[in-house]
Amino acid sequence: MNLKYLKTFRVIVEEGSFSKAAERLNYTQSTITFQMGQLEEELSAKLFEKVGRRMVLTKAGEGLIPYVEEVLSSVDKLRCFQDDLDQCRGDLRIGVAETQLCYRMPPVLKEFCRRAPKARLFIRSMNCYDIRDELLEGKLDVGVFYADVGGFGDSITTYPMGEWPVVAAASPGMKEVGLDFKTPNREITVPLVINEPNSIFCQSLEESLRERAIRLDRTIELESIHTIKRMVESDVGFTVLPRFTMEEELAGQTLVEVEMPGEPVVLHAVCGHHKNKWLSPLIRLFLELAKESLS
């Protein structure tokens, strides 16, 4: 049996369609269809059926999933049988919250590459909710995110990577314009500059303001934390980020902290993997380095 067909089957299950699997694997859709036809012939079972315009798993296809995972996991174990990182040429798929990727993870990644030079790292800057979901779905090997997103119960094994306060900040001039987050029943006309509206930082702010019936007039979404800080320094608006991302600006007073009502918001950074994930030498090395980063 061709292992390539099993890998393709797993990607189809993960992506939910032949077309998305073809895009991820850089195959034509006809190649995907051919491989699944060959796999069905070898197994003498129909794995997919057409419902409307979509190909969906049959009962036999659903039953095949745990067997495919077991086979591919065993193959990964065989490749790393000697537990020799210098010889292990495996792939490692990591999703990292942008603030952690920019400010906390570079030393970890540098040391990982030094100690496992033949590994292939696939790193994505991701929203914490997406990291959680892709860990649960098996699309990521490891995630570095904020556990405060919740929603994973005991399905994800996590290791603490520090507790980080979240602060609101603005330029000294903008703070004087009217950034009052304590007086209830009012509207804040200064824009909130944030990387994504459903970020955990933004949600922590909105929850705090909702309790005091304070409304935000508008938000400005930018992809880069660095760009967000430059815009806020230029009096475009205010932002809400972990303090460690703004230490230099706060120390130099190009940004100043804006007092927020209620208890300070503290986020809990973690490194995690699915509880059923086989911990290859590469994963164990990354976890070890991530946990060491706190010291």
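The values are calculated or read from the model by the stated rules, or taken from the named source; none is laboratory data. Since the model is a prediction, treat every value here as computed from it, not as a measurement. Neighbour counts are summed over all protein chains in view; Cβ atoms, including those assigned to glycine, are modelled from backbone coordinates with ideal geometry.
Sub-6 Å Cβ pairs linking a first residue in the range 96-113 that is farther than 16 Å from ALA147 by Cα to a second residue that is of a type in the set (S, T, N, Q) and modelled with pLDDT of 90 or more, at least 6 apart or interchain, are TYR103/THR245, ordered by first then second residue. Residues in the range 32-57 that are under 14 Å from ALA21 (Cα atoms) and not in a strand (DSSP E or B): ILE32, THR33, PHE34, GLN35, MET36.
So for the range 109-122 (the condition being buried (at least 16 other Cβ atoms within 10 Å of the Cβ) and closer than 27 Å to ARG10 by Cα), does at least one residue qualify? Yes; the residues of the range 109-122 include at least one that is buried (at least 16 other Cβ atoms within 10 Å of the Cβ) and closer than 27 Å to ARG10 by Cα. When GLU206, GLU211, GLU187 are checked against the criterion of being touching a Gly at 6+ places or on another chain (Cβ under 8 Å) and either charged (D, E, K, R) or without any contact (Cβ under 8 Å) to a residue 24 or more places away in the chain (or both), a single residue qualifies: GLU211. Summed over the range 186-243, the residues that are under 21 Å from ALA269 (Cα atoms) and among the basic types (Lys, Arg) give a count of 1.
If the condition is being out of contact with any His (no Cβ under 7 Å at 6 or more places or on another chain), under 17 Å from VAL96 (Cα atoms) and aliphatic (A, V, I, L, M), then the range 249-295 contributes LEU267, ALA269, VAL270, LEU282, LEU285, LEU287, LEU289, ALA290, LEU294. Of the numbered criteria (1) surrounded by 17 or more Cβ atoms within 10 Å (Cβ to Cβ); (2) under 30 Å from LEU72 (Cα atoms), the one ILE228 fails is (2). Contact map, the range 49-65: first residue under 14 Å from MET36 (Cα atoms), second residue of a type in the set (S, T, N, Q), Cβ cut-off under 9 Å, separation 6 or more or different chains; pairs are GLU49/THR58; MET55/SER17; MET55/THR33.
Against the test of being in the same structural domain as GLU134 (by TED's automatic domain parsing) and either part of a helix (DSSP H, G or I) or not basic (Lys, Arg) (or both), the options HIS226, HIS273 yield a single qualifying residue, HIS273.
Give, as residue ranges, the strands (runs of 3 or more DSSP E) completely inside the range 99-184 that count at least 1 residues that are of a type outside the set (Phe, Trp, Tyr) and outside the structural domain of SER280 (by TED's automatic domain parsing).
Fully inside the range 99-184 and qualifying: 156-170.
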